[in-house]
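> Just passing along the structure, written as structure tokens.
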Amino acid sequence: MKKNSTMATSRKQIFKGQKLTIGMDLGDRFTYYCILDEAGEVMVEQKLPTTKPAIQQVFGRMPRSRVAMETGAHSPWVSRQLTQLGHEVIVAHARNVRLIGESSRKDDRLDARMLARLARLDPRLLSPVQHRSAEAQAHLTVIRARAALVGARTMLVNAARGLAKSYGERLRKCGTQQVSKDLAAGFSVELRAALQPLLMEVASLNERIAEYDRRIEQIATQVHPEVALLKQVKGVGTLIALTYVLTVADPRRFRRSRDGGCYLGLRPGRRNSGSSQPQMHISKEGDRYLRTLMVQGAHYILGPFGQDSDLRRWGLKLSERGGSNAKKRAVVAVARKLSVLLHKLWVSGEVYEPLRNSSAAVGAVA
């Protein structure tokens with residue numbers, strides 16, 4: 001089909017009285033878009049720079065249309081801008097749109113056309129997701145920036161320890177927060193000269209991370225008071241609680257609190273067929289960083305400093321079933337139950353009782 005140019009004919013004349021469906025394949029520099037009319041015929045196929053002025057220019061004068069795009073780095077701000085322009089925006093879950101991801105004829109133009117056709121047929125085929133608000137994204141960016149610095153600090157500390165070992169020396173044991181240039185004080189002159197700048201960078205990162213920690217505490221206290229409800233669980237600090245609140249965004253998105261574990265990809269996959277019911281790994285869908293934090297919280301709950309609670313007792317009992325992976329499975333299972341518990345506390349606003357079920361069982365026996 002011959003491509004139509006939006007430059008050759010006035011957009012107002014082309015789109016007047018039309019109920020349009022638009023598919024957008026977002027790229028880092030350029031975005032391809034395909035416009036379908038009410039009959040499903042291609043009206044326009046073009047590309048534009050992935051910038052706010054370009055999107056404003058192309059879509060600002062269009063009538064209200066249904067616009068579909070896949071999740072990606074640019075989808076949050078593009079979807080917000082198009083919504084402000086009055087369009088109905090559908091953000092497709094990229095992992096679930098197999099017609100696009102696994103297509104044997106895949107390019108940006110065809111992807112945009114397929115998105116438009118799916119959105120015109122039934123938006124539910126796109127497994128639509130809801131992006132968080134600009135404020136929530138800004139707050140979550142603080143958390144993600146801190147995580148990037150923590151990752152860089154870990155990498156530098158591991159590098160310093162490895163370099164010292166290769167020279168026949170060892171850095172003394174300490175937490176990453178206590179790393180400073182003085183750790184290399186007892187080394188030879190050559191090794192000390194090589195490692196001190198690296199250790200100074202680690203110390204600088206510690207200062208930056210501490211600044212982020214203070215900002216995170218401030219955001220939790222001033223903007224998200226519901227974080228205090230989640231912090232009732234020992235092992236859930238401000239970082240885990242705030243990340244949970246910002247990632248989930250709306251607690252009413254789940255019909256049941258149990259759906260929280262599925263949302264974070266902590267439930268086992270399922271591939272049953274007839275009498276075959278193979279044991280699958282967890283799905284690992286949803287936000288990877290929050291899932292990592294939930295597992296860290298589960299490690300604390302099951303660890304030596306964990307508070308006695310129904311969740312801890314259940315997890316320890318599960319880990320005692322034996323097998324080489326029993327402890328790992330117990331940690332993941334506790335992380336899943338922890339996500340359910342946090343959602344329940346958030347929705348109900350209840351006071352957390354660590355041994356609620358155990359106390360009820362004792363009372364029933366008595």
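The values are calculated or read from the model by the stated rules, or taken from the named source; none is laboratory data. Note that this is a predicted model, so its numbers are computed, not measured. Ideal geometry is used to build each Cβ from the backbone, glycine not excepted, and the neighbour counts take in all protein chains shown. The area values use the complete protein model at the heavy-atom level, side chains included, leaving out ligands, DNA and RNA. Shrake-Rupley method; radii C 1.70, N 1.55, O 1.52, S 1.80 Å.
> Suppose we filter segment 162-178 for residues that are surrounded by 15 or more Cβ atoms within 10 Å (Cβ to Cβ) and within 24 Å of Val189 (Cβ to Cβ); how many remain?
Residues meeting the conditions: 4.
> Of the residues Ala136, Ala116, which is over 30 Å from Leu20 (Cα atoms) and of a type in the set (A, V, I, L, M, F, W, C)?
Just one listed residue meets the conditions, Ala136.
> Could I ask something else about it? Can you pull out every residue in segment 287-318 that is part of a helix (DSSP H, G or I), more than 30 Å from Thr141 (Cα to Cα) and open to solvent by 70 Å² or more (accessible area, probe 1.4 Å)?
Arg313, Trp314, Lys317
Residue by residue, here is whether (1) among the hydrophobic types (A, V, I, L, M, F, W, C); (2) part of a helix (DSSP H, G or I) holds:
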| residue | (1), (2) |
| --- | --- |
| Leu118 | yes, yes |
| His131 | no, no |
| Val142 | yes, yes |
| Arg146 | no, yes |
| Cys174 | yes, no |
| Met200 | yes, yes |
| Arg208 | no, yes |
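> A follow-up question, please. Quick one: which residue in Leu149, Leu183, Leu195, Leu163 is in contact with a Phe, Trp or Tyr (Cβ under 8 Å, 6 or more places away or on another chain) and over 30 Å from Thr243 (Cα atoms)?
The conditions single out Leu195.
> Sticking with this structure for a sec: Just checking, how many residues over segment 148-167 are of a type in the set (Gly, Ala, Ser) and under 20 Å from Asp213 (Cα atoms)?
Going through segment 148-167 one residue at a time, the tally reaches 3.
> List every residue pair whose Cβ atoms lie under 9 Å apart, where the two residues are 6 or more positions apart in sequence or sit on different chains, the first residue falls within segment 315-341 and is among the acidic types (Asp, Glu), and the second residue, located anywhere, is surrounded by fewer than 21 Cβ atoms within 10 Å (Cβ to Cβ).
Hits for this filter: Glu320/Ala326; Glu320/Ala330.
> Evaluate segment 325-346: report whether one residue or more is out of contact with any Phe, Trp or Tyr (no Cβ under 9 Å at 6 or more places or on another chain), part of a helix (DSSP H, G or I) and among the aromatic types (Phe, Trp, Tyr).
The answer is no, given that none of the residues of segment 325-346 is out of contact with any Phe, Trp or Tyr (no Cβ under 9 Å at 6 or more places or on another chain), part of a helix (DSSP H, G or I) and among the aromatic types (Phe, Trp, Tyr).
> I want to confirm something. Restricting to segment 17-40 and keeping residues that are more than 28 Å from the chain's Cα centre (by Cα) and open to solvent by less than 70 Å² (accessible area, probe 1.4 Å), which single residue is farthest from Ile100 (Cα to Cα)?
Gln18
> Further question: Only one of (1) touching a helix residue (DSSP H, G or I) at 6+ places or on another chain (Cβ under 9 Å); (2) surrounded by 15 or more Cβ atoms within 10 Å (Cβ to Cβ) fails for Arg95. Which number is that?
The single condition Arg95 does not satisfy is (2).
> Within segment 41-91, count every residue that is of a type in the set (A, V, I, L, M, F, W, C), surrounded by 17 or more Cβ atoms within 10 Å (Cβ to Cβ) and in a helix (DSSP H, G or I).
Total meeting the criteria: 5.
> Further, regarding this structure: Please verify whether Arg192 is open to solvent by 60 Å² or more (accessible area, probe 1.4 Å) and within 30 Å of Thr83 (Cα to Cα), treating the condition exactly as stated.
no
> Can you name the residue in segment 324-347 that is over 25 Å from the mean Cα position of the chain (by Cα) and of a type outside the set (A, V, I, L, M) and, of all such residues, is surrounded by the most Cβ atoms within 10 Å (Cβ to Cβ)?
Result: Lys327.
> Hey, another quick one. For the structure I just gave you, tell me whether Arg321 is open to solvent by 90 Å² or more (accessible area, probe 1.4 Å) and either within 15 Å of Pro268 (Cα to Cα) or at pLDDT below 85 (or both).
When the stated conditions are applied, Arg321 passes them.
Table: residues versus (1) touching a helix residue (DSSP H, G or I) at 6+ places or on another chain (Cβ under 8 Å); (2) at pLDDT 90 or above; (3) over 20 Å from His131 (Cβ atoms).
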residue	(1), (2), (3)
Met1	no, no, yes
Met7	no, no, yes
Gln13	no, no, yes
Arg29	no, yes, yes
Asp37	no, yes, yes
Glu41	no, yes, yes
Lys52	yes, yes, no
Val67	yes, yes, no
